[in-house]
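Worksheet for the structure shown next.
The values are calculated or read from the model by the stated rules, or taken from the named source; none is laboratory data. Just so it is clear, the structure is predicted and the values come from calculations on it, not from any experiment. So basically every Cβ, Gly included, is an ideal-geometry build from the backbone, and we count neighbours across all protein chains shown. Calculation scope for accessible area: heavy atoms of the full protein, side chains included, ligands and nucleic acids excluded. Shrake-Rupley method; radii C 1.70, N 1.55, O 1.52, S 1.80 Å.
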Amino acid sequence: AVAGRVLTTSEGNPLFVGELVRMLVNDGALKREGDRWTAGIELAALEMPPTIHALLAARIERLRPEERTVLERAAVVGRQFSRAAVAHLLPREAQADLDARLEALRRGEIIERDTGWFLGEPALRFHHGLTRDAAYRRVLKGTRAELHARFADWLEARVGEAVEHDEVIGWHLEQAHQHLREL
């Protein structure tokens, strides 16, 4: 019955199916008992977000506040990011347990390790671009502007005169300006 509800709600979209199942497991609505999955709550009580965007927003909303902050800062950097880039955008008091927060997000399959590097550091990335977009939409425009400008300054300081990063720096400065103009 749960599988039927998941398939009906997701209309067979693989990303939507996967995210719905992750949400149901995290919420305790689906439980693994041996080699079977069982419903942890009454089927009628299952609330299923109607769209993938609503589902991703709901999953992010259910995170602990510290994890949401880390995710939002990573979203400002982009689909791919590094620990150092996120650390730079976090308040000083939130930097101490950053590794634990990133690991919790990885275990929750919201972010994952990437095969590449980000400015000489192992890269991380969002599990899906839509997840990054959902996290980014949570950030207020004034905060986005400040974070984009801070990231551009940090990136420029890290890469020095290396022109291959000029486009990324320019994009972040443009985003900062655009958000301030909208405000």
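What number of residues in region 4-40 are part of a helix (DSSP H, G or I) and open to solvent by 70 Å² or more (accessible area, probe 1.4 Å)?
5
Give the residue that is farthest from R101 (Cα to Cα), with candidates limited to residues of region 146-163 that are assigned to a helix (DSSP H, G or I) and of a type in the set (D, E, K, R).
For region 146-163, the residue satisfying everything is E156.
Of all residues in region 102-112, how many are open to solvent by 50 Å² or more (accessible area, probe 1.4 Å) and either at pLDDT below 95 or touching a Gly at 6+ places or on another chain (Cβ under 7 Å) (or both)?
2
What pairs come up if the first residue lies in region 106-128 and is without any contact (Cβ under 8 Å) to a residue 24 or more places away in the chain, the second is of a type in the set (D, E) and part of a strand (DSSP E or B), and their beta carbons are under 9 Å apart, counting only those six or more places apart or on different chains?
R106/E112; H127/E112
Go through region 77-99 and give me each residue that's hydrophobic (A, V, I, L, M, F, W, C) and modelled with pLDDT of 95 or more.
V77, F81, A84, A85, V86, A87, L89, L90, L98
Are any of the residues in region 134-145 modelled with pLDDT of 95 or more, of a type in the set (F, W, Y), in a strand (DSSP E or B) and within 17 Å of the chain's Cα centre (by Cα)?
Looking for residues that are modelled with pLDDT of 95 or more, of a type in the set (F, W, Y), in a strand (DSSP E or B) and within 17 Å of the chain's Cα centre (by Cα), one finds none in region 134-145, hence no.
Could you list, in sequence order, the residues of region 27-40 that are small (G, A, S) and either touching a residue at least 60 places away in the same chain (Cβ under 8 Å) or within 18 Å of T8 (Cβ to Cβ) (or both)?
Within region 27-40, A29, A39 qualify.
Considering region 25-60 alone, what residues qualify as being aliphatic (A, V, I, L, M) and within 18 Å of the chain's Cα centre (by Cα)?
I52, A54, L55, L56, A57, A58, I60 - these are the residues of region 25-60 that are aliphatic (A, V, I, L, M) and within 18 Å of the chain's Cα centre (by Cα).
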